Amino acid sequence: VTPDGTTTFTKGATFTLQVDELLAFELVTSVASIEVQPGTPAMYEVRVLNNGSETRNFVLQIMGHPNLSTQLTSPSDLLVEAGETGSWQVETSAAAGAVGVYTQEFEVTRGSVSSDASIEVDVLPSKEIELSGPLDGRILMEPGSMSSTLFTVVNSGTGNVTLVASLSGLPASVEADISHTSLMLAAGASIDVVLNLTLADNAQPGTHSLVFGYGGSGVSATQTVDLQIQDRFAVLVSSTVADLVAGPANDARLVFDITNLGTSTDTIQLSLSDEAEDDWFSYSLFTTSLSISAGSSAAPASSKSTRKF
């Protein structure tokens, strides 16, 4: 009641104020770009900043890329408190044959809110070469001979290479010549190279392991082949007499030298070619075989021509 006698009535009301959650987050990467060597993945982090008002669970989505392979090395679910930052551990590698700069994208979605991030991936050219040689892995030679062996060099990487030839294990009795002592190969290219060997006349029989290869631009490839020096078999027959004079009263004899031009002791078999024999003459050998060491000569061999009556 007021002093003037007026009566005032007040009617009350109750209100409920509900404050909704603030849902806000941001996705970022730990680095802007990475370099990837073929066959070797690169590690980095993808982070989510929870700018909202509540602790929330976030799941990272990795967008597929035909030239990249990206996967998580930590759990995909991440519980992040309000105002905090969570991170995923990620690794990216390049697909076979890929080279150049690509973009790997990521995304996180919660409710009607989403955030994305990306990283540039520079896939460096791969350096790889292959070298192939004779199928049986050996080179057969005789003293005093020459041989040519074909090898093939292939650039199986994705970058150009500059290569230099190498050869080891060569014995002193062998001279070598390589058709391409240096070369440059583009990615995917191949070239045939020839290894020429010249063997000295006095080379000793035996087996030697040769290592032939190419290297450069951070890569190398070698091929091991066996150089098998075989015995040489050769004979020289000589005489200082060119003609035989035989008569009814006497036989004619010819002494000739036999030289073993081979590389080992050998038994020499002797024979006569009787093309000139007819009704007037007959021929015979006093010795039909000789054992002569390498490089030596023997002169006990003779032939006889007899006049027939």
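Where a number appears in this text, it was derived from the coordinates with a stated rule and is not lab data. Just so it is clear, the model here is predicted, and its values are computed rather than measured. Cβ atoms come from the backbone with ideal geometry, glycine included; neighbour counts cover every protein chain shown.
For this structure, a couple of remarks:
- Once the mean of 1/r is taken over each pair of separate Cα atoms and inverted, segment 137-197 shows a Kirkwood hydrodynamic radius of 13.2 Å.
- Inter-site label distance for Ala32 and Ala96 at 7 Å from Cα along Cβ, in nm: 3.5
- For Glu54 and Met184, the difference between the fully extended length at 0.36 nm per residue and the C-alpha to C-alpha distance is 40.6 nm.
- Label sites at Ser132 and Glu45, each approximated as a point 7 angstrom past Cα along Cα to Cβ, lie 4.9 nm apart.
- Once the Cα-Cα distance is subtracted from the 0.36 nm per residue extended length, the Leu167 to Leu23 segment shows a gain of 44.9 nm.
- For segment 184-233, the direction-averaged projected area of the alpha-carbon convex hull comes to 4.9 nm².
- Rounded FRET efficiency, nearest 0.05, which uses the C-beta distance separating Asn160 from Ser74 and R0 of 35 Å: 0.35
- Whether segment 98-159 is rounded, prolate or oblate, judged on the alpha carbon gyration tensor where a/c under 1.5 counts as rounded: prolate
- Modelled spin-label separation between Asp201 and Thr109, with each label point placed 7 Å from Cα along the Cα-to-Cβ direction: 8.8 nm.
- Prolate/oblate/rounded label for segment 27-108 (Cα gyration tensor, a/c 1.5): prolate
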